[in-house]
Amino acid sequence: MPLVSVSASAVALLALVAFLPNSITADTILIKGGTVVNHDHVLTADVLIKDELILEVAPNIEAPAGAQVINASGSYVMPGGIDPHTHLDMPFMGQVACDDFYSGQAAALAGGTTMHIDFALPVNHNLMAGFKEWQRKAKRACADYGFHMAVTKWDEQVAEDMGKLTAEGINSFKFFLAYKGALMVTDDELLQGMLRCRQLGALPQVHAENGEAVALGQQLVYDAGVRGPEGHALSRPAVLEGEATARAIKLAKFVGVPLYVVHVMSIDAMEEVRILCMRCQ
């Protein structure tokens, strides 16, 4: 059965563009007769959209004057996916991500993901310069998007810029506990950043691996003669993610701020999150 994906912002970008009889041009769109799949139920219904907002989901909706009608009979109609963690056109350690805001978003749309949140990086630790650079990159966008902002050092200018970015609509900030010598922050910088997030009502995020221990592990693996890709995993065992996850959770509790631990990758880290959930903290 073909898939018709309606974006979370409800502009009715369809996952399979070839399915459409013609391009969407109207402000009001009525998707007729599809199998609507939501988180709580499945039903045959119509979906009425106006000015990028879903107004009604019900059987036998009468088409308003001037509406573009799409026959979705025999197709699933689903909310578009939101990917909260992407790195498009991102420079990192001498390389650049192969997908930019056009190619990455076009591929996402083809699979039903209609919105994503990309991680903007500071330029020489300057948050506002990084924001402007990611705005430039995003000029090629063909789908809805938002930004997280990484924080890679701490001073009064960073604190001030976090306030400016929150006013621009960026309300989540990422702190790397990994990548020593590149993106990693110290515990003191993390604490200052968490405190600033609490003041702004923003959400701190962490990439949780012990960067100091990983750097030592990399040197030990290299000295042991390991030169292949297997050295990556050997240098950063699960215990280092578990330690950093636990540390970030406890520091967030100390500051009194919610915490988003991105890409939980190991049982050790998962166990720390599970323990936290069991304590209902």
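The values are calculated or read from the model by the stated rules, or taken from the named source; none is laboratory data. Computed from a predicted structure; not experimentally measured. Virtual Cβ from ideal backbone geometry, glycine too; neighbours counted across all protein chains shown. Accessible surface areas use protein heavy atoms only, side chains included; no ligands, DNA or RNA. Shrake-Rupley method; radii C 1.70, N 1.55, O 1.52, S 1.80 Å.
Annotations for the structure displayed:
- Number of the exception - Met93 against (1) under 30 Å from Gly193 (Cα atoms); (2) modelled with pLDDT of 95 or more: (2)
- Among the candidates Ala244, Ala252, Ala248, residue that is within 19 Å of Lys174 (Cβ to Cβ), touching an Asp or Glu at 6+ places or on another chain (Cβ under 7 Å) and assigned to a helix (DSSP H, G or I): Ala244
- Checking each residue in the stretch 114-157 for being modelled with pLDDT of 95 or more and β-branched (Val, Ile, Thr) picks out Ile117, Val123, Val151, Thr152.
- Scan of the stretch 87-108 for residues that are open to solvent by less than 30 Å² (accessible area, probe 1.4 Å), farther than 14 Å from Trp134 by Cα and touching a residue at least 40 places away in the same chain (Cβ under 8 Å), ordered by number: Gln105
- Close pairs from the stretch 258-273: first free of Cβ contacts under 8 Å to residues at least 60 places away in the same chain, partner assigned to a loop (DSSP other than H, G, I, E, B) and open to solvent by 60 Å² or more (accessible area, probe 1.4 Å), Cβ under 7 Å, at least 6 apart: Met270/Val264; Val273/Val264
- The residues of the stretch 185-213 that are open to solvent by 40 Å² or more (accessible area, probe 1.4 Å) and either touching a Leu at 6+ places or on another chain (Cβ under 8 Å) or assigned to a strand (DSSP E or B) (or both), listed by number, are Asp187, Leu191, Leu203.
- Tallying residues that are touching a helix residue (DSSP H, G or I) at 6+ places or on another chain (Cβ under 6 Å) and small (Gly, Ala, Ser) within the stretch 120-140 yields 1.
- Residue in the stretch 31-41 that is polar (S, T, N, Q), open to solvent by less than 80 Å² (accessible area, probe 1.4 Å) and either over 28 Å from Gly146 (Cβ atoms) or modelled with pLDDT under 90 (or both) present: yes
- Residue match in the stretch 45-54 (condition: in contact with a Leu (Cβ under 6 Å, 6 or more places away or on another chain), part of a strand (DSSP E or B) and not acidic (Asp, Glu)): yes
- Selection count, the stretch 68-86, where residues are of a type in the set (S, T, N, Q), surrounded by 14 or more Cβ atoms within 10 Å (Cβ to Cβ) and assigned to a loop (DSSP other than H, G, I, E, B): 1
- Qualifying residue in the stretch 114-135 (condition: surrounded by 14 or more Cβ atoms within 10 Å (Cβ to Cβ) and of a type in the set (Lys, Arg)): no
- Qualifying residues in the stretch 225-264 (those that are over 26 Å from Gln192 (Cα atoms) and open to solvent by 90 Å² or more (accessible area, probe 1.4 Å)) - the one farthest from the chain's Cα centre (by Cα): Arg227
- Some residue of the stretch 97-114 being assigned to a strand (DSSP E or B) and hydrophobic (A, V, I, L, M, F, W, C): no
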